[in-house]
Amino acid sequence: MGEKLSISDLNKKLAEMDVKSLEGITIEGDIELEIDAGAGGVGPLFAYYFGEEVAKVAVQMVNMAKAFGYPVDNLLQPVAVAQAVSPAPDELAKAAAAIPAFKIPDTLKSAKFQVGTDKTWKTQIQEVQLGATKSEGGSRGHVIKIGGEKAMPFFYDAAMPNRPVVTIDVFDMPIGMAKAVKMHYDDVMSDPADWAKKAVKEFGADLVTTHLISTDPLIKDTSAKEAVKVVEDVLQAVDVPIVIGGSGNPEKDVEVLSKACEVAQGERALIASASLNLDWEAIGKACVATDNVCLAWTQLEINAQKELDRKLMKVAGVPRESIVMDPTTAALAYGMDFAYSNMERIRLGGLKGDQELNFPMSSGTTNAWGVREAWMVRSPNKNDSDWGDRMLRGPIWEILTGFSLAMAGVDIFMMMNPIAVTYLQEITQSLMGLIKAETPDTANWITTEV
Amino acid sequence: MKETSPLNLYKFLPQTNCGDCGEQTCMAFAAGLINRERTVEECKPLFDEKKQKKYAKKLAKLRDVIAPEVALVYIGTGDKQVKVGGEDVMYRHQMTFFNKPPFAYDVTDSMNEADLVERVKLIDTWKKFYIGNWEEIEMVAVRSVTGDADKFAKCVKKVVENTDKPLILCSFDPKVLKAGLEVCAEKRPLIYAATKENWKEVAQLAYDYKVPVTLRAPFDLDGLVSMVLTFKEMGINDLVLDPGTAPNGEKLQETLQNFIKLRRAAVEESQKDFSYPVMALPINAWMTTDDPVRGAYWESVISAAFVCRGADIMVRHSIEPHSVMPDMHMRFNIYTDPRTPVQVKPGLNKVGKPNEDSPIFLTTNFALTYYTVESDLGSNDIDCYLLAVNTDGIGVQASVAGGQLTPSKIKDAFAEAEVDFAKTSHKSFILPGMAAKFSGELDDLYKYEVKALVGPEDSGRIPGWMEKQWPPKK
């Protein structure tokens, strides 16, 4: 008889047998008590409820015994009970001592929190100067320095020497863009110089990027010579450091960017970009010859990034202080996890001493606008909750794409939406402790009405 | 877990290669434990009552060794229960982040009943499709704004009537917390919070009701550790830590640094004494502004900072789509397991109930692309076939540029899936708009017996495309 019996089962069984006396009947099997006292051991509450349960069982047992005619009452004499069921006082005391009681101490334990820094971060990220003033051979009103970190972004191990900066995209022809972006540039889209001015004066761009997309043979096939006039116009219109981009056509870009280097002679403009898919050597050498900075673009592949950086240094002769990396920005909800970890690994590699990776990083944050969630009016999936107002949704997409990658180590962000630019600058500078603001008393956040 | 060698876990296993766990050998199971793909409970012999004497010590040792560096705490019950903490790495590429920080959206006991129920239902039903899954909001945080225990209890009661998502009961007044616990303790809510002032009473509540408890010591890590050690000594081990969340200024910098310090102490320095899940309060962004757009935006960026660096649970306020959606995706991306390829199995799949008149679409086997297209088709009730071409998990645009998707690969993929175009009424398939340039070459490959139609560039526009282009003109 290995099965477990409850009291009610026992009652029933005895009733079924119609027994008048317990003679000859023995109760077999173990009486099993499972005690789940939880995390705190056996405490006073548990003891109370447990005691109550046991007492109920005892009462039932007594009643049952009575029903069978056993002289229970004799047992219930106080002395008899004590003799029958109580363990010796000694044992009781010992058993009680063995059970950890729940006890609230009078005071909190004293403690000291200690944590170290990451000792493997031995190498500083290269500091790169963008822009050059008149005395330095350029024409910019001021210069911008990026990189120079000795720790991961916003870590307490070492302060960031330079704040992340934003360069706003300017195109050399009107292009299609999401409504939430286009509305800010409608009035300047036909004039890159005005566009650049608006980006700097109204939207707080640290730099502007002139994309010479009209040079693409499949778009307008503007000649390099003609296209770079726009670069001259932008250099005239604003005095911030600039970035110059091609169209992305691997054959044409070599010619266009080399020509752009010439008109930006001595400006330390960031030339976007050299990649393994085109004649990186020609672009690298053009940067060196004209004192511009070379952007090394690879596609989400850390070893390709090392290879390109190495070749730019060793073959094209680009000095360390003139290299910035673009390891590719996959946007939020569209592979951002790849971009994030790729960049985080690159930055950690650089800090640990990899001389082919310790350069500042750039992000094409504008890619955020290619994600459908950033621009679509409503969800194509009918079961989705409402997507809300896309004019509010889009800018956050650009902010979070950029800011996540700022956490991974990006130093310069290519962006478009002015609201996104403002937030990105504010959050990164807040985390560097550069923005003094009165912090509200957060002690009573629970009771604050919002 | 700091252990990286399966050998060192193998010694705590039965070493019988019984195969009950589904692995061929105990060594393979040990490797699964190292990668956290298997749990110790899956080794049945270790839990066999009859073998307790033999294995009890091994089991205890094993549990000790494989415990995550940040303790794992369960909040709630049933299938909506959330796991909080349980992290082992500082950077996601080092293995993966395991338990995405649940978002707890706030409700208050000062809301009128209709507003309360509406908000709870919104929290309860919010969903967004992403890479084959529905993203949802995990928790509700009930704030005692009035300080009135009865009002709080009523509010908690209303909340649990309308959702089975786990709760956080928020008050610094033990009487208020007790009133809430009386209503829902069996649902294992997280109580918030024990402070230096009320810790004795709150410890008693955590003990009496057997619920996880938050310890709060804002901007005082020494104080936080002192509370942890005190609670552990009392035998209270289900803890969540609130080191304070300042929403702006230099204090915000300090806040992030505290999160980084706590995570580093846990996973890089194995200071297990006080390594418990950490709570962030992006809701505090709302203390800096009255502008609802500004509030939602700032809450979003603060959330993003803590998702990247060390928050294990968050209390939030803005449930506007423009804030929830990006934050959900941000969290999803960071918590995606980088060890798992984001690919679907190549081949032909049915969407709805297609027949010989139904269109045949194709896309790549990049999971994000595939599920997006599939959901756009399915949710718009388009019965069709969908071919996933093996592009090594690369999306359409990139694989067209990189040569992983070519006309001959498309033809081979249809052949391998045994698609017989002769049996269809339309003798065609639909190319993604991003691969439009393949249509001519495909027509040649198929000798004009099968037509390659050009679909839209975004699959969200397939319904509109169907209206105009389907069935194809003969």
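The values are calculated or read from the model by the stated rules, or taken from the named source; none is laboratory data. Quantities reported herein were computed from a predicted structural model and do not represent experimental measurements. Positions of Cβ are backbone-derived with ideal geometry, glycine not excepted, and every protein chain shown enters the neighbour counts.
Among the residues of region B:2-14, those that are crowded, with 17+ Cβ neighbours inside 10 Å and among the hydrophobic types (A, V, I, L, M, F, W, C) comprise B:9, B:12, B:13. The strands (runs of 3 or more DSSP E) falling completely within region B:260-379 include none with 2 or more residues that are free of Cβ contacts under 8 Å to residues at least 12 places away in the same chain and aliphatic (A, V, I, L, M). You will find that of B:53, B:80, the residue that is under 30 Å from residue B:121 (Cα atoms) and charged (D, E, K, R) is B:80 and no other. In this entry, residue B:74 passes the filter for residues that are at pLDDT 95 or above and touching a Pro at 6+ places or on another chain (Cβ under 9 Å). Criterion applied to A:337, A:326, A:309 was being acidic (Asp, Glu), free of Cβ contacts under 8 Å to residues at least 40 places away in the same chain, surrounded by 20 or more Cβ atoms within 10 Å (Cβ to Cβ) and in the same structural domain as residue A:405 (by TED's automatic domain parsing), and the one residue passing it is A:337.
Residues are listed down the side, and each one gets a yes or a no for (1) of a type outside the set (A, V, I, L, M, F, W, C); (2) surrounded by fewer than 23 Cβ atoms within 10 Å (Cβ to Cβ); (3) modelled with pLDDT under 95:
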{"residue": "A:153", "(1), (2), (3)": "yes, yes, no"}
{"residue": "A:161", "(1), (2), (3)": "yes, yes, no"}
{"residue": "A:177", "(1), (2), (3)": "no, yes, yes"}
{"residue": "A:194", "(1), (2), (3)": "yes, yes, no"}
{"residue": "A:199", "(1), (2), (3)": "no, no, no"}
{"residue": "A:207", "(1), (2), (3)": "no, no, no"}
{"residue": "A:210", "(1), (2), (3)": "yes, no, no"}
{"residue": "A:224", "(1), (2), (3)": "no, yes, no"}
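The set of residues in region B:73-95 being more than 14 Å from chain A (Cβ to nearest Cβ) and farther than 21 Å from residue B:31 by Cα consists of B:75, B:76, B:77, B:78, B:79, B:80, B:81, B:82, B:83, B:84, B:85. On the given criteria, is residue B:17 surrounded by fewer than 18 Cβ atoms within 10 Å (Cβ to Cβ) and touching a residue at least 60 places away in the same chain (Cβ under 8 Å)? So residue B:17 does not fit the description; no.
Of all residues in region A:303-333, those that are modelled with pLDDT of 95 or more and within 14 Å of chain B (Cβ to nearest Cβ) total 1. Within region B:438-470, the set of residues being charged (D, E, K, R), surrounded by 12 or more Cβ atoms within 10 Å (Cβ to Cβ) and either touching a helix residue (DSSP H, G or I) at 6+ places or on another chain (Cβ under 8 Å) or in contact (Cβ under 8 Å) with a residue 60 or more places away in the chain (or both) comprises B:441, B:451, B:457, B:458.
Just name the residue that is nearest to residue B:190 (Cα to Cα) out of those in region B:60-102 that are in a loop (DSSP other than H, G, I, E, B) and among the acidic types (Asp, Glu). It would help to see each step written out before you state the result.
From region B:60-102, those in a loop (DSSP other than H, G, I, E, B) are B:67-71, B:76-77, B:81, B:86-91, B:95-102; that's our starting set.
Then keep just the ones that are among the acidic types (Asp, Glu); that gives B:69, B:87-88.
Details: B:69: 21, B:87: 19, B:88: 23 Å.
The extreme case among them is B:87.
For residue A:141, the stated conditions do not hold, so it cannot be described as in contact with a strand residue (DSSP E or B) (Cβ under 7 Å, 6 or more places away or on another chain) and either of a type in the set (Lys, Arg) or away from every other protein chain (no Cβ under 14 Å) (or both). Checking each residue in region B:225-278 for being buried (at least 22 other Cβ atoms within 10 Å of the Cβ), facing chain A (nearest Cβ under 7 Å), among the aliphatic types (A, V, I, L, M) and within 16 Å of residue B:307 (Cα to Cα) picks out B:246, B:252, B:256.
Out of (1) modelled with pLDDT under 90; (2) at the interface with another protein chain (Cβ under 10 Å from one of its Cβ atoms); (3) closer than 27 Å to residue B:103 by Cβ; (4) surrounded by fewer than 19 Cβ atoms within 10 Å (Cβ to Cβ), the odd one out for residue B:335 is which? Answer for residue B:335: the failing condition is (1).
Listed here are the residues, each with its yes/no results for (1) outside any loop (DSSP other than H, G, I, E, B); (2) among the charged types (D, E, K, R); (3) buried (at least 20 other Cβ atoms within 10 Å of the Cβ).
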{"position": "B:32", "(1), (2), (3)": "yes, no, no"}
{"position": "B:51", "(1), (2), (3)": "yes, yes, no"}
{"position": "B:55", "(1), (2), (3)": "yes, no, no"}
{"position": "B:58", "(1), (2), (3)": "yes, yes, no"}
{"position": "B:104", "(1), (2), (3)": "yes, no, yes"}
{"position": "B:118", "(1), (2), (3)": "yes, yes, no"}
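Checking the stated criteria, residue B:340 turns out to be within 26 Å of the chain's Cα centre (by Cα), more than 9 Å from chain A (Cβ to nearest Cβ) and of a type outside the set (A, V, I, L, M, F, W, C). Considering the conditions (1) on the phi > 0 side of the Ramachandran plot; (2) within 14 Å of another protein chain (Cβ to nearest Cβ); (3) touching a residue at least 60 places away in the same chain (Cβ under 8 Å), residue B:130 is excluded by exactly one of them, (1).
Has region B:46-59 got any residue that is modelled with pLDDT under 90 and within 22 Å of residue B:313 (Cα to Cα)? So far as region B:46-59 goes, no, none of its residues is modelled with pLDDT under 90 and within 22 Å of residue B:313 (Cα to Cα). Evaluation of residue B:207 against the conditions (1) in contact with a helix residue (DSSP H, G or I) (Cβ under 9 Å, 6 or more places away or on another chain); (2) surrounded by fewer than 22 Cβ atoms within 10 Å (Cβ to Cβ) shows that the sole unmet condition is (2). Put simply, of A:341, A:363 the only residue that is closer than 27 Å to residue B:372 by Cβ, modelled with pLDDT of 95 or more and in contact with a His (Cβ under 9 Å, 6 or more places away or on another chain) is A:341.
When residue B:473 is tested against (1) of a type outside the set (Asp, Glu); (2) out of contact with any strand residue (DSSP E or B) (no Cβ under 9 Å at 6 or more places or on another chain); (3) in contact (Cβ under 8 Å) with a residue 24 or more places away in the chain, just one condition goes unmet, and that condition is (3). Taking the conditions exactly as written (facing chain B (nearest Cβ under 10 Å), closer than 28 Å to residue B:136 by Cβ and surrounded by fewer than 24 Cβ atoms within 10 Å (Cβ to Cβ)), does residue A:345 satisfy them or not? Taking the combined requirement at face value, the residue does not satisfy it. Here residue B:214 meets the list (1) more than 7 Å from chain A (Cβ to nearest Cβ); (2) farther than 23 Å from residue B:70 by Cα almost entirely, failing just condition (2). The set of residues from region B:404-437 being touching a helix residue (DSSP H, G or I) at 6+ places or on another chain (Cβ under 8 Å), part of a loop (DSSP other than H, G, I, E, B) and touching a residue at least 60 places away in the same chain (Cβ under 8 Å) comprises just one member, B:432. In summary, helices (runs of 4 or more DSSP H) completely within region A:367-439 and bearing 3 or more residues that are closer than 25 Å to residue A:345 by Cβ, within 10 Å of chain B (Cβ to nearest Cβ) and among the aliphatic types (A, V, I, L, M) occur at A:390-408, A:418-431.
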